[in-house]
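The values are calculated or read from the model by the stated rules, or taken from the named source; none is laboratory data. In this text, all values refer to a predicted model and were calculated from it rather than measured experimentally. We place every Cβ from the backbone using ideal geometry, glycine too, and count neighbours over all the protein chains shown. Please note that ligands, DNA and RNA were not included when accessible areas were found on the heavy atoms of the full protein model with its side chains. Shrake-Rupley method; radii C 1.70, N 1.55, O 1.52, S 1.80 Å.
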Amino acid sequence: YGVGSRNERQGETGRSHFVEHMLFKGTEKLDKGEIDLLTMKNGGSNNAFTSYDFTAYYFSFASDRWERALEIEADRMVNTIFDPVEFELEKKVVIEEMKAGLDQPWGLLMQKLSVAAFDRHPYRNPVVGWQKDLERTTRDGLEAYYRTHYHPGNAILVLVGDFNTEDALIEVDKAFGSIPAAEPSVSEVAVKEPPQTAEKRIAVRWRSGVPRLAIAYHVPQIGHKDSYALQLLSVVLAEGKSSRLYQRMIEGDQLATFAIAEYAESRDPALFYIRAESRGNHTPEEIEAAIHDELGRVGTEGVSEHELDRAKHQIEAHFVLTKERNLDQAILLGQIATLDSLDYIDNYLLRMNAVKPAYISDVCGRYLSEQNRTIAWLLADDTVESQS
């Protein structure tokens, strides 16, 4: 479904994820727990997940009984029962899930970092929602959200496996054909994030004595011409033992236990992250200085043909592995069709392989810059004063 936390209004965060939970709690035809029971009896599996940009529900069945998944999905698309008792029970579950995510250092630090990095865009809100919004969510409000967004006009159905296409389409029409094809209910997010013009800094207190550091840079959305170079840059920086940050911070100076660079495709401009965890008595200042220095070297000296070729091979291998299982293919197709178009998949490796070393250097200099970054430190709560 083309609805995620980016589409939630202020004061109503967490609704997409909450609906995900409720869609397993029964329909007019299927009692609570019966979706999972039918799946198990037919030797299958099912699950769901919510992201900033979409919510995905999926099944895996043997090819002689896969139609059961169509029946279940068509039923809960329109007939989910928001039983008041189940609603209140699941509200507690969702709130506890939210609290559990914050009861570990990276969950807390990354949430604070997103809030600091985004001034306006709903990407600043956690997918699971803010506690106050969850607490005041009503059963009627959640059902209204479901009725607005969960229909064929806002859904993409992906089938991957051993079936005859013509026969499969007949089954799809049988299951979904009678459901009104409402107009797409999710428009572009009206709020646009203004350009960041100065560095931001925060410090978060935590009971652990191990300092951690996260840096976020504003970067373009999926399909942008610079997005391919940014994906390659993340690999050059932190993918594997020969990467820049591993060699510098873990193998060489031994400043950190790990260093990660992350760029994920998103529907709207999002963030490029660099994260590291301190080793021994090394301070966040040391880790931060090493990261800035490496980024400066990429921007001024560039990357070698060998580094870039290695990064391209790693990305190609990952791309192939993401299509190894039927379920992997289905999720990839659904994700990309929701975020962009299937042309993105068809041309992905061609566009990636066209990136030259000088382009990596240029993109690093333009996006991973001082004025475009937000830096968050996680510090022991009993020893260090907070920064602003």
Rounded to 10°, Cα long-axis angle of helix 84-102 versus longest principal axis of the chain: 10
Accessible-area composition of the range 120-243, carbon plus sulfur, in percent [1.4 Å probe]: 53
Globularity index of the range 342-382, i.e. its alpha-carbon radius of gyration over 2.2 N^0.38 Å: 1.92
Of Lys29/Lys92; Lys29/Lys174; Lys25/Lys132; Lys99/Lys241; Lys92/Lys200; Lys241/Lys356, those spanning more than 28 Å from alpha-carbon to alpha-carbon: Lys99/Lys241; Lys92/Lys200
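Expressed as cubic angstrom per residue, what is the convex hull volume of the alpha carbon set of the range 132-257?
Values: hull volume 36.2 nm³, N = 126.
Per-residue hull volume (Cα only) is 287 Å³.
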Equivalent-ellipsoid semi-axes of the chain, from the Cα gyration tensor, Å, largest first: 39, 26, 19
Where the chain is the region considered: accessible area per residue in Å², 1.4 Å probe: 48
Heavy-atom accessible surface of the range 18-119: percent carbon and sulfur, 1.4 Å: 52
Sulfur and carbon atoms: percent of accessible area, the range 269-312 [1.4 Å]: 48
C-alpha long axis of helix 326-339 to longest principal axis of the chain, angle in °: 80
Span per principal axis, largest first, for the Cα atoms of the range 258-388 (Å): 51, 34, 28
Among 296-304, 363-371, the order from most to least packed when residues are scored by Cβ within 10 Å on average: 363-371, 296-304
Surface/4 estimate of mean projected area, convex hull on alpha-carbon atoms of the range 93-198, nm²: 11.1
Area projected by the alpha carbon convex hull of the range 79-137, averaged over all directions, nm²: 5.0
Normalised contact order of the range 297-374, rounded percent, pairs of Cα under 8 Å and 6 or more residues apart: 56
Note, ³J(HN,Hα) from phi for the range 348-362, Karplus 6.51, -1.76, 1.60, rounded to Hz, x at Gly and Pro: 4, 5, 4, 5, 5, 6, 7, 5, 9, x, 5, 5, 4, 4, 5
Rg followed by Dmax, in Å, when the range 26-126 is reduced to its Cα trace: 17.6, 51
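Highest first, please rank the peptides 229-239, 285-295 by the mean number of other Cβ atoms sitting within 10 Å of their residues.
229-239, 285-295
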The range 8-47 - convex hull of alpha carbons, volume per residue in Å³: 67
Gyration tensor (Cα) of the range 313-357, equivalent ellipsoid semi-axes in angstrom: 20, 14, 6
Under Karplus coefficients 6.51, -1.76 and 1.60, residue-wise ³J(HN,Hα) of the range 38-46 in Hz, glycine/proline x: 5, 4, 5, 4, 9, x, x, 9, 8
For the chain, calculated [θ]222 nm from helices alone, where every DSSP H run of n ≥ 4 adds -39500 (n - 2.57): -14000 deg cm²/dmol
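For the range 214-293, what value does the Rg/Rh ratio take when both radii are computed over Cα atoms and Rh is the Kirkwood radius, given to two decimals?
Rounded to two decimals, Rg/Rh equals 1.02.
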Rounded tilt (10° steps) of 67-79 against the dominant C-alpha axis of the chain: 90
More than 18 angstrom apart: percent of Cα pairs within the range 272-349: 64
